[in-house]
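K.L.:
Quick one: structure below, then a few questions.
The values are calculated or read from the model by the stated rules, or taken from the named source; none is laboratory data. Remember, it's a predicted structure, so these values are computed and weren't measured experimentally. Please note: Cβ atoms are built from the backbone with ideal geometry, for glycine as well, and neighbour counts cover all protein chains shown.
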Amino acid sequence: MFFGWIWLITVIAGGVLAGEVPFASTTLTADITAISTTPIEVESTNGFGSTGVLIVGEERIAYSSTTATTFRGNIARPMVRGVDGSEAIPHTAEDVVRTIEGVLINEAIDYNLAAISDAAGLAAFITIPIAIYNLIVSFATTPFGFLGTDLQFISVIWGIAFVGFIFSLGLSMLGWRRV
C-alpha cells in the first residue's frame, strides 16, 4: 500500500514539475473508417503520451506508439478501437483528436488496460503478457527525468526499493504454507 501511494505521488509531482500538459489536442489529416486499425494520421502528436487512449468525436482509441504525425499499433501491441464502451465509427479529416481529461495519472496504464480487456483469440497469447509486463514496469519506473543528472540517483533508489518490494512479497507468499 505504501509503495502504491508513493508511486502515485511521484507520478503526479513528476508530471507537474516536468511541465507535462494534461490536455492536448490536434486534428486528423486523413479519414478513418469504422474498422480501420491502420495508423491514425494527425497534424502533430505533441503533448500526447507515447502510449495511451485518445478521443476522436465520441470514440476512444487506444494506441501503443507514436511518430511525429501518427498514432500506431503493431502485431504485439495492436491499436484498439471503441475502448471503454465507445463505438468504433468513421471519422473525417479535420476532426479533433484529444487526450482524456485527467490523463496525467492514467497515462502509464491506459493502453495496457485497454489491451488486456480487448484481447481475444490467438492475439491474446501475445498481447496480454506484454501488457501485464508493461504495467509492472510502469510501477517500477518513475518520472524523475525533470530532476536532471544531479538527482537521477533517486530513480536508482526507487528501482532498488521496487526490487526489494517484489522480493519481500515473494518471500511472504512462500511463507504462507506451513507443514
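K.L.:
Go over the candidates L135, L151, L104 one by one and state the one that is closer than 26 Å to F165 by Cβ, modelled with pLDDT under 85 and in the same structural domain as F165 (by TED's automatic domain parsing). Can you show your working first?
P.N.:
Numbers: L135 fails: in the same structural domain as F165 (by TED's automatic domain parsing); L104 fails: in the same structural domain as F165 (by TED's automatic domain parsing).
After applying the criteria, what remains is L151.
K.L.:
Give T66, T51, T70, T27 a once-over and let me know the one that is within 13 Å of T99 (Cα to Cα) and at pLDDT 90 or above.
P.N.:
Details: T66 fails: within 13 Å of T99 (Cα to Cα); T51 fails: at pLDDT 90 or above; T70 fails: within 13 Å of T99 (Cα to Cα).
Result: T27 is the single residue among T66, T51, T70, T27 that is within 13 Å of T99 (Cα to Cα) and at pLDDT 90 or above.
K.L.:
A follow-up question, please. Show the residue pairs that are 6+ apart or on different chains and have beta-carbon atoms under 8 Å apart, the first residue being within the range 67-93 and at positive phi and touching a residue at least 60 places away in the same chain (Cβ under 8 Å), the second being assigned to a helix (DSSP H, G or I) and small (G, A, S).
P.N.:
none
K.L.:
Okay, moving on. Kindly provide the set of residues from the range 65-82 that are among the aliphatic types (A, V, I, L, M) and over 13 Å from the mean Cα position of the chain (by Cα), ordered by number. Working first, answer last.
P.N.:
Of the residues in the range 65-82, the ones among the aliphatic types (A, V, I, L, M) are 68, 75-76, 79-80.
Correct list: A68, I75, A76.
K.L.:
Something else: Can you name every residue in the range 21-53 that is assigned to a loop (DSSP other than H, G, I, E, B), surrounded by 14 or more Cβ atoms within 10 Å (Cβ to Cβ) and among the hydrophobic types (A, V, I, L, M, F, W, C)?
P.N.:
Passing the criteria: A24, A30, F48.
K.L.:
Within the range 66-101, which residues are surrounded by fewer than 16 Cβ atoms within 10 Å (Cβ to Cβ) and either in contact with a Phe, Trp or Tyr (Cβ under 8 Å, 6 or more places away or on another chain) or not assigned by TED's automatic domain parsing to the domain that holds T38 (or both)? Talk me through it step by step, then tell me what you get.
P.N.:
Of the residues in the range 66-101, the ones surrounded by fewer than 16 Cβ atoms within 10 Å (Cβ to Cβ) are 67-69, 74-76, 84-85, 87, 89-90, 92-96, 101.
The answer is E101, and nothing else.
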